[in-house]
Amino acid sequence: MENVKGILSAVAKSLVSKVLFSTFGLVGLVVVLIIIIIAAVFSSSDDIGSGVIGGKGEQLPESVLVWEADIAEAMERHELDSKYLYVMLAILKQESNGDVAKTNGDIFQASESKCGSIGCIKEPLESIDQAVSYFKETVIVSKDNMEVAIQSYNFGNGFATWTQENHDNKWSPEIAIEFSKKMLAEAKNPLIYKCHRQEAKDSGACYGDILYVPSILAFLPNAEGGPIEFNGQLGMPLAPALVTSEYGERYHPIHKEWRLHAGIDFGCIGGVTPIQASQDGTIERADWAGGWGQMVFIKHADNLYTRYAHLSSMAVSTGDSVSAGDVIGVCGTTGTSTNPHLHMEVQTTESQQSTVNPRSLLGI
Ligand SMILES: [Zn+2]
């Protein structure tokens with residue numbers, strides 16, 4: 001269905017491009033071609049109202065990932081949904097690659113949003129705090145539409161209110177170009193906006209970055225899953241693997257008491273991030289399991305079991321054999337859970353009393 005729609009719209013667009021070519025010549029054709037390519041790559045997002053889409057699973061550099069725990073902590077403080085963890089990391093990649101020296105400590109280049117001028121933030125943790133707090137604002141204004149929120153982080157929150165009034169709170173490359181041109185036309189001094197991309201130059205959309213959304217989303221997980229990373233005896237059940245809560249005693253956010261958090265939590269995107277088997281094994285159980293929600297429990301050996309909880313859907317049944325890396329389900333927030341994440345447990349016997357910290361077996 002998606003393909004048929006894609007082909008039809010491509011045919012329609014190529015007809016339009018012929019008309020434009022005769023009208024505007026080569027430049028017009030190039031602009032339209034760029035728009036078609038961008039639209040084709042991201043057309044699948046058109047049908048998803050929430051704006052949550054799968055990415056390309058591009059690897060974030062170590063210089064960015066070292067800030068993961070600090071970003072996760074700031075997100076908890078500002079109550080920013082953990083599904084945005086990858087987005088914040090990708091923004092950091094985009095802004096500075098996590099380079100403290102080059103940015104004089106303002107790794108998110110967040111000074112302007114804090115005090116209206118560059119240079120007031122001189123410390124990475126302050127930069128992270130400001131970036132997360134500002135992104136939280138864009139999420140609220142954009143009504144939790146991921147693409148609109150990301151573009152608003154770059155264009156300013158005026159983009160979210162404008163697309164709500166004019167485009168039903170949607171984001172697309174064309175909509176980004178339209179807004180960029182509008183802002184340029186309204187600017188008192190349009191010459192201060194330097195074009196950083198050829199595509200923007202070609203379409204005359206040099207305000208902000210019209211390709212900010214796709215360049216951030218490229219780092220979101222690929223819905224197909226991929227080869228899993230082995231650092232220890234067990235492979236990583238998702239990628240990228242961003243720990244949001246550790247194994248051990250903690251104050252439970254829902255039960256409001258101290259208790260053992262018997263597993264490790266990874267941030268992931270509900271309905272998108274594939275969850276993969278950490279090792280070869282047999283599915284002991286794959287069904288609804290109370291607080292765990294939709295849960296998969298795998299036996300790998302007599303002394304090694306893994307559990308994957310809060311899934312939005314399951315791709316295996318009890319009794320199935322799986323190989324390491326097989327997709328067993330999709331990230332979700334079923335059961336006792338406040339937002340999408342993977343809760344993973346490792347046990348040394350069939351009894352839940354035998355949980356151990358998954359970190360050592362995962363080698364992280
Ligand atoms: Zn958990």
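The values are calculated or read from the model by the stated rules, or taken from the named source; none is laboratory data. Since the model is a prediction, treat every value here as computed from it, not as a measurement. Here the Cβ positions follow ideal geometry from the backbone for every residue, glycine too, while neighbour counts run over all protein chains shown. SASA here: full protein model, heavy atoms, side chains in, ligands and nucleic acids out. Shrake-Rupley method; radii C 1.70, N 1.55, O 1.52, S 1.80 Å.
At an R0 of 22 angstrom, the distance between the Cβ atoms of GLU186 and CYS120 translates into a FRET efficiency of 0.25.
3J(HN,Hα) couplings calculated from phi for region 86-94 with the Karplus curve 6.51 cos²θ - 1.76 cosθ + 1.60 (θ = phi - 60°) are, in sequence order, 4, 4, 4, 5, 5, 5, 4, 4, 5 Hz; Gly and Pro show x. Spacing of the modelled spin labels on GLN164 and TYR251, each 7 Å from Cα toward Cβ, amounts to 3.3 nm. For the set ASP81, ASP144, ASP265, solvent exposure ranked by accessible area (probe 1.4 Å, protein chains only) runs largest to smallest as ASP144, ASP81, ASP265. Between region 243-286 and region 176-203, what's the alpha-carbon centroid distance in Å? Taking the Cα centre of each part, region 243-286 and region 176-203 sit 45 Å apart. Spacing of the modelled spin labels on GLU112 and GLU76, each 7 Å from Cα toward Cβ, amounts to 3.2 nm.
Peptides 130-138, 229-237 ranked from most to least packed, by the mean per-residue count of other Cβ atoms within 10 Å: 130-138, 229-237. With both labels modelled 7 Å from their Cα along Cα-to-Cβ, the ARG259 to SER351 distance reads 1.9 nm.
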